[in-house]
Amino acid sequence: MNRLIRITKPEDIFPPYRNTPISMLLEYHNLNREFETYSQAQMLISMCMDNRKHLNIPDNFAFILRSGGGNLTYSEFKVSFAVAIGNVKYIAIIAHNKCGMVNLVSKKTQFIDGLVEKAGWSREKAEEHFKHYAPMFEIGNEIDFVLSEAKRLRTVYPQITVVPMYYKVEDNHLYLITE
């Protein structure tokens, strides 16, 4: 079953998200909606730190948190700030294909060698660093991860709309995910 829903027209957006910051995000990025002017953020966007992704959105439209895999574990205070002080009521969590946080164990040697050669770390320190943090940041399958992260955040912030999305690097489009 294909869980990704391509957004090529406003009617493709799931009805509960229409006329919300979620639909505006999808319309700005995928449908080239004309930018409006914002004086405050309308939503929070969590996405991977991957440099291949860039959202087409207006200035001041969103708080944006970037982390490996879009993982918000250990970023709850930042999310809470956006909700409590920034008044956001919508959160988009965006995973993407070909994410480096998938199958981290396969990158262990490269990771350790890179810290030794490029950062001047001892091999032991680099190995311990990987051993300690890789399990926290391994996301497994991108779609399954973003769905589980959305579910987790919905329990932490029950009055906030949390929407899992997917970004395809090849076509630079955002997709909704059937849950």
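The values are calculated or read from the model by the stated rules, or taken from the named source; none is laboratory data. It should be emphasised that the depicted structure is a prediction, and the values quoted were computed from it without experimental measurement. Ideal geometry is used to build each Cβ from the backbone, glycine not excepted, and the neighbour counts take in all protein chains shown. Just so you know, the surface numbers come from the protein's heavy atoms only, side chains and all, with ligands and any DNA or RNA stripped out. Shrake-Rupley method; radii C 1.70, N 1.55, O 1.52, S 1.80 Å.
The residue that is surrounded by the most Cβ atoms within 10 Å (Cβ to Cβ), among those in the stretch 143-174 that are aromatic (F, W, Y) and outside any helix (DSSP H, G or I), is Y167.
Candidates are the residues of the stretch 1-14 that are modelled with pLDDT under 95 and surrounded by fewer than 10 Cβ atoms within 10 Å (Cβ to Cβ); the one that is farthest from G86 (Cα to Cα) is M1. Quick check on the stretch 15-38. Is at least one of its residues open to solvent by 70 Å² or more (accessible area, probe 1.4 Å) and part of a helix (DSSP H, G or I)? Checked the stretch 15-38: at least one residue is open to solvent by 70 Å² or more (accessible area, probe 1.4 Å) and part of a helix (DSSP H, G or I). For the residues V102, V83, the requirement of being more than 13 Å from the chain's Cα centre (by Cα), within 29 Å of N60 (Cβ to Cβ), surrounded by 14 or more Cβ atoms within 10 Å (Cβ to Cβ) and in contact (Cβ under 8 Å) with a residue 24 or more places away in the chain singles out V83.
Within the stretch 60-80, the set of residues being touching a residue at least 24 places away in the same chain (Cβ under 8 Å) and either buried (at least 18 other Cβ atoms within 10 Å of the Cβ) or closer than 16 Å to L26 by Cα (or both) comprises F61, A62, F63, G69, G70, N71, L72, V79.
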